[in-house]
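Novice: Just passing along the structure, written as C-alpha cells.
Since every read-out is calculated from the coordinates, none of them should be taken as a lab result. Not measured: the values here are computed from a predicted model. Using ideal geometry, Cβ is built from the backbone for each residue, glycine included, and neighbour counts are taken over all protein chains shown.
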C-alpha cells in the first residue's frame, strides 16, 4: 500500500518512469481528486480560516501533491514558495495559489521537454548527416605507426638540415619552416598531401645539387616519400605497381 492518502503506489511508480513526460498525468489526477472533495463545490467554506473536514482534506491533497513535486521535480520547488503558499490568509487562496503554481510548472516542464526533444533531434540529425556524408569526404589516411614514423623522420631531417653546411641559409630556413609546418599539420587523416610534396620537392633541389654529400638526408627523404606515396596510392586506388615520384639521384 502507498503511504500517501490520495495517490496510489502504482500511480506514483508510473510517474517515476518518465517523470517529465508524465507530469500532465499528475496534474490531471490532482484536478480529479480536487473535484472529488466536497468543499471544492462550496466556495463559501474557503472564506474561513477554520474550514470543515473537506477543506482540511483539500489542504492535505495540496500538501501531498507539493511533496511529490518536491521529490520528483526539485529544480522547480523552493522553501520560500512552500511557506508563502501555506501561510496565505485562507484555504481558498491556498488552493488558487497552488493551482496557479501547477499551471506554471506545466509550462516550464513543457519547455524542458521541447528543449530536450530539440537537443535529441539536433544530435540525431547531425549523426545522420555525418553518416550520409562520410562516403563523400575524401582524405588520405595514415596509421598510428606511420604518423609516429613520420614524426621521427621529420625530427631527423630538421637536425640533419640544421647541421649541414652545404645549404645556403635562405634555403635552409625555407626547408626548416616547411618541416615545422608539416609537423604541425600532421594528422592520421589529411584532406591533401601538398605540404608533404612541397617539402620533398624543395629538398629534391638540394639533393640534385649536392648528391652523395647529403646522403643521410636523401635516405630520410626516400623513407618519407615511401610512406606518403603508399597513403596516396591507397586513397586514390592507384594500381599497386604505380611507382612513386622519383627523387633526384644522389
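Novice: Between residue 106 and residue 14, with labels modelled 7 Å along Cα→Cβ, what's the label distance in nm to one decimal, could you check?
Specialist: 1.7
Novice: Further question: What is the spin-label model distance, in nm, from residue 96 to residue 143 if the labels are put 7 Å beyond Cα along the C-beta direction?
Specialist: Spacing of the two 7 Å Cα→Cβ label points: 7.8 nm.
Novice: Using the count of nearby Cβ atoms within 10 Å as a rough guide to exposure, how do 229, 197 rank from fewest to most?
Specialist: Going from sparsest to densest Cβ surroundings: 197, 229.
Novice: Follow-up question, since we're still on this one. May I ask you to compute the full-extension gain from residue 165 to residue 36, defined as 0.36 nm times their residue separation minus their alpha-carbon distance, rounded to one decimal in nm?
Specialist: 36.5 nm
Novice: Just order 230-243, 15-28, 56-69 by mean Cβ neighbour count inside 10 Å, highest at the front, would you?
Specialist: 56-69, 15-28, 230-243
Novice: Right, here's the next one. Which three numbers, in whole Å and largest first, are the semi-axes of the equivalent ellipsoid of the range 145-186 derived from its Cα gyration tensor as √(5λ)?
Specialist: Largest first, the range 145-186 gives 21, 11, 5 Å.
Novice: When the chain is fully extended, how far beyond the present Cα-Cα distance does residue 202 get from residue 70, taking 0.36 nm per residue of separation?
Specialist: Fully extending the segment from residue 202 to residue 70 adds 40.4 nm.
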